[in-house]
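> The structure that follows is given in the form of structure tokens.
The values are calculated or read from the model by the stated rules, or taken from the named source; none is laboratory data. These numbers come from a predicted model, not from an experiment. Backbone-built Cβ (ideal geometry, glycine too); neighbour counts: all protein chains shown. The protein model used for the area step is the full one, side chains on, heavy atoms only, and it has no ligands, DNA or RNA in it. Shrake-Rupley method; radii C 1.70, N 1.55, O 1.52, S 1.80 Å.
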Amino acid sequence: LDYDGTCVSTPHRTSPPPSEVQAEILRLLTTHVKVAIASGRGPSVIEELRRWIPREHWRSVLVGIYNGGVINPLSDGVQRGSSATGELKRAADILRDRLVGAGWSISPRGWQITVERNGFAVVDAAASVAAVIGAEFGSSLKVIKSGHSVDIVPGTSSKREVVDRLEVERSDVLLVGDQGGVGGNDFELLSYSELSLSVDTVSADATRCWNLSNDGTSGPALLAGYLRAVVSRRGVARLALASEVIRGPQ
């Protein structure tokens, strides 16, 4: 699962997930279904998860932060971000020098740079950042957007690494995110398997990354519907979708 925009809504991303999302995730954990979180955030998402997931489940939850740059079980110590070095530091310096206009916020960390621009759509900010980064770094750095910011990460970082770390067949993993279009920070994740669902934007690939809402429900409310459809019996979990589970609250 992606976190911001999926488990929590983007405007309320500093708050815990809605109670129905928490309840479904905890239900899956109690039936021994593995859960993994792949987030663009740093250690703050680990701290948040620990507030509502009981300690006895921490070893069963895998968490990838910084878009897959750092991956550990929830039970492990929180790895704090260090200052940017190498290409990331140089990229941050170039962005400060070349980005046109006011309102830019550039936050370099050890595993990624987060860029925001007050008063401007994320897609416009992403295009400006990509124009600068692409010209200087080619494929060695990637520019990806979430619902609220733009991240620059090493070309080797990917949310797909979180899936691989589960050490199960990719076809046995349900992938859910919100930014499934090209350039979104869930595009690589949701294009990794045919068993992938979006709670918001989708890609043009008709074989995966479906949004199954039939009434405009999105974000955490739609995620809760997807998770309710995961049924676990006798150690086997399956996705049993029906129209009533993908409608919003009645």
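> Could you name every one of the strands (runs of 3 or more DSSP E) located completely within the stretch 134-250 that has at least 2 residues being more than 16 Å from the chain's Cα centre (by Cα)?
Details: elements: 141-145, 150-154, 175-179, 196-201, 230-233, 236-239.
The qualifying strands (runs of 3 or more DSSP E) are 230-233, 236-239.
> Another question, if that's okay. Please count how many residues of the stretch 84-99 are within 14 Å of Ser128 (Cα to Cα) and part of a helix (DSSP H, G or I). Break it down into steps so the answer makes sense when it comes.
From the stretch 84-99, those within 14 Å of Ser128 (Cα to Cα) are 91-92, 94-99; that's our starting set.
Within this subset, residues satisfying the condition of being part of a helix (DSSP H, G or I) are 91-92, 94-98.
Of the residues in the stretch 84-99, 7 are within 14 Å of Ser128 (Cα to Cα) and part of a helix (DSSP H, G or I).
> Against the condition in a helix (DSSP H, G or I) and among the polar types (S, T, N, Q), how does Ser107 come out, does it pass? Show your work before the answer.
Details: in a helix (DSSP H, G or I): no; among the polar types (S, T, N, Q): yes.
For Ser107, the condition - in a helix (DSSP H, G or I) and among the polar types (S, T, N, Q) - is not met.
> May I ask you to list pairs of residues, at least six apart or on different chains, whose Cβ atoms are under 7 Å apart, with the first in the stretch 172-197 being free of Cβ contacts under 8 Å to residues at least 24 places away in the same chain and of a type outside the set (S, T, N, Q) and the second being in a strand (DSSP E or B) and buried (at least 24 other Cβ atoms within 10 Å of the Cβ)?
Filtered contacts from the stretch 172-197: Leu190/Leu175; Leu190/Gly177; Leu190/Ser198.
> Residue by residue through the stretch 49-60, note down the ones that are within 25 Å of Thr114 (Cβ to Cβ) and either surrounded by 21 or more Cβ atoms within 10 Å (Cβ to Cβ) or touching a Lys or Arg at 6+ places or on another chain (Cβ under 7 Å) (or both).
Leu49
> Quick one: which residue in Thr85, Thr14, Thr6, Thr31 is among the hydroxyl-bearing types (Ser, Thr, Tyr) and either closer than 23 Å to Arg160 by Cβ or touching a His at 6+ places or on another chain (Cβ under 9 Å) (or both)?
Thr6
> Given the conditions (1) without any contact (Cβ under 8 Å) to a residue 12 or more places away in the chain; (2) over 15 Å from Pro154 (Cα atoms); (3) part of a helix (DSSP H, G or I), and given that Ala102 satisfies all but one, which numbered condition is not satisfied?
(3)
> Right, another one. Taking interchain pairs and intrachain pairs at least six residues apart, which have beta carbon atoms under 8 angstrom, with the first residue in the stretch 9-20 and in contact (Cβ under 8 Å) with a residue 40 or more places away in the chain and of a type outside the set (S, T, N, Q) and the second open to solvent by 40 Å² or more (accessible area, probe 1.4 Å) and assigned to a loop (DSSP other than H, G, I, E, B)?
From the stretch 9-20, the pairs are Arg13/His148.
> A further question on this structure: So the check is Cβ under 7 Å with 6+ separation or different chains; which pairs have a first residue in the stretch 61-90 that's touching a residue at least 40 places away in the same chain (Cβ under 8 Å) and a second one that's among the acidic types (Asp, Glu) and assigned to a helix (DSSP H, G or I)?
Pairs found: Gly64/Glu161; Gly68/Glu161; Ile71/Glu161.
> Right, another one. Among the residues in the stretch 76-86, are any modelled with pLDDT of 95 or more and open to solvent by less than 50 Å² (accessible area, probe 1.4 Å)?
no
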